[in-house]
Amino acid sequence: MQCTRVRASKSVHQTPRNMDKTESPGVAEGVDALTLNNVNDEKLDKDKVANGVEATENEGDIVDPWNVTSSTDEGIDYDKLIKRFGSSKIDEELIARFEKITGNPVHHFLRRGIFFSHRDFHTILTLKEQGKPFYLYTGRGPSSGSLHIGHLIPFYMAKWLQETFDVPLVIQLTDDEKSLWKDLKVEEAIKLAYENAKDIIAIGFDPEKTFIFNDFEFIGKCPAMYQNMVRIQKCVTFNQVKGIFGFGDSDIIGKISFPAVQAAPALSSTFPFIFTSKKPVHCLIPCAIDQDPYFRMTRDVAPRLGFPKCALLHSSFFPALQGAKSKMSASDNNSAVFLTDTPKQIKNKINKYAFSGGRATVEEHRKLGGNPDVDVAFQLLKFFLEDDTRLEEVRTAYIKGELLTGELKKLAIEVVSPIVEEHQKVRKALTDEAVAKFFEIRPLKFAH
């Protein structure tokens, strides 16, 4: 099906924005937020902003779309990050409302604080109560031939949300972004996008409700996407985008224009073959919190173009095997468990590289116990062991010194390896036709 042109919604004059009741008071949002947040009640200084990109300060925490580092073994201070980014904590009240409206228990990612922050999720729940439509949007920048287990987190959440709410999902593969930032050839970036798509499809998304697209190919097929990109670009100045993303005079112009590409899918008219009504549809984006700057910009621009602000669910970062000072990265083979790893490789990586919260000796560990908060093997269980009771038993035993580091790593291997093996099995069974179905420009089936 060929994507058709759609007439733009009438722009609205920008009006002073009221502070969201659910968001942190006194914190600015939008294209200027990355600067304004850092001068709220204190002067802007170089320790808080590096090259114009916002950092959260926990003795050296840096969080932006390209860098995530912490100076402590505990990793990023997420409470401080919420305050600096001006988002809202996912609290017990929000979880209780979710369960009441849906009639289902929340995902363990929400119960355990793995998804810890949000913007306007109350609005999404209200739409659900009222029987009004919304859609999901998430994505992946294909920089390697295989995803690692940390990449699964937003996609697991997106799948669960799709099944819980019965809503359509669009998945953007930003092969153009990786070509610009990683100096990949266009052809190589497109190839990686399709390889990553197979990993994503193998998670189990419904092809009747899910549309996957890579920028290099979709933009040329769908005029509505490019039109919305230009509308967004007209709303953000060069100074603003420099302040948000830290671009400098030597950065190529492709980087400077890219944020509009990631923002456009949050406007429902980008997909006229899915949303046939001209009435704007709300968007919910599950993503890691390092992607939030893109969508603060989007939330600032959307009302000016006649669209609702996108809502967000923010996840924490999956730690590198070496510890929570950095996140798991596809560019460092030894920091990650990849979806292509064999059981032997997984076992060797976890045993050799997984940072331990245990003591120096067995005797000391038995006496003083371990620290699960910094132990990567325990973090693997926190993300992937669904049984809350069993997880708490392991945590308690480790703290008391009843469970040794080697035993904890063994448990982590026993949980992670079957997940990767099953994923490989499903991926291997995918046909070219099955993959092509997800990329086909077509209507999607959903409740509204």
Next item on the list: With the condition kept exactly as written, say whether any residue in region 139-151 is within 20 Å of Gly323 (Cα to Cα) and in contact with a helix residue (DSSP H, G or I) (Cβ under 6 Å, 6 or more places away or on another chain).
Entry: yes
Next item on the list: Confirm whether Thr340 is over 23 Å from Arg111 (Cα atoms), among the β-branched types (Val, Ile, Thr) and not assigned by TED's automatic domain parsing to the domain that holds Ser277.
Entry: yes
Notebook entry, point to check: Only one of Gly254, Gly150 is over 30 Å from Lys382 (Cα atoms), part of a helix (DSSP H, G or I) and of a type in the set (Gly, Ala, Ser); which?
Noted result: Gly254
Checklist line | Only one of Ile274, Ile285 that is of a type in the set (Val, Ile, Thr), assigned by TED's automatic domain parsing to the domain that holds Ser88, touching a strand residue (DSSP E or B) at 6+ places or on another chain (Cβ under 7 Å) and in a loop (DSSP other than H, G, I, E, B) | finding: Ile274
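Is it the case that Lys198 is within 28 Å of Pro259 (Cα to Cα) and not in a loop (DSSP other than H, G, I, E, B)? Please lay out each step first, then the result.
Working: within 28 Å of Pro259 (Cα to Cα): yes; not in a loop (DSSP other than H, G, I, E, B): yes.
When the stated conditions are applied, Lys198 passes them.
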Notebook entry, point to check: Yes or no: Gly131 surrounded by fewer than 20 Cβ atoms within 10 Å (Cβ to Cβ), touching a residue at least 12 places away in the same chain (Cβ under 8 Å) and on the phi > 0 side of the Ramachandran plot?
Noted result: yes
Check: Quick check: is even one residue across region 285-303 touching a residue at least 40 places away in the same chain (Cβ under 8 Å), over 29 Å from Lys327 (Cβ atoms) and touching a Leu at 6+ places or on another chain (Cβ under 8 Å)?
Finding: no
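The values are calculated or read from the model by the stated rules, or taken from the named source; none is laboratory data. Predicted, not measured: the structure shown is a model, and the values here were computed from it. Note that each Cβ is placed from the backbone with ideal geometry, even for glycine, and that neighbours are counted across all protein chains shown.
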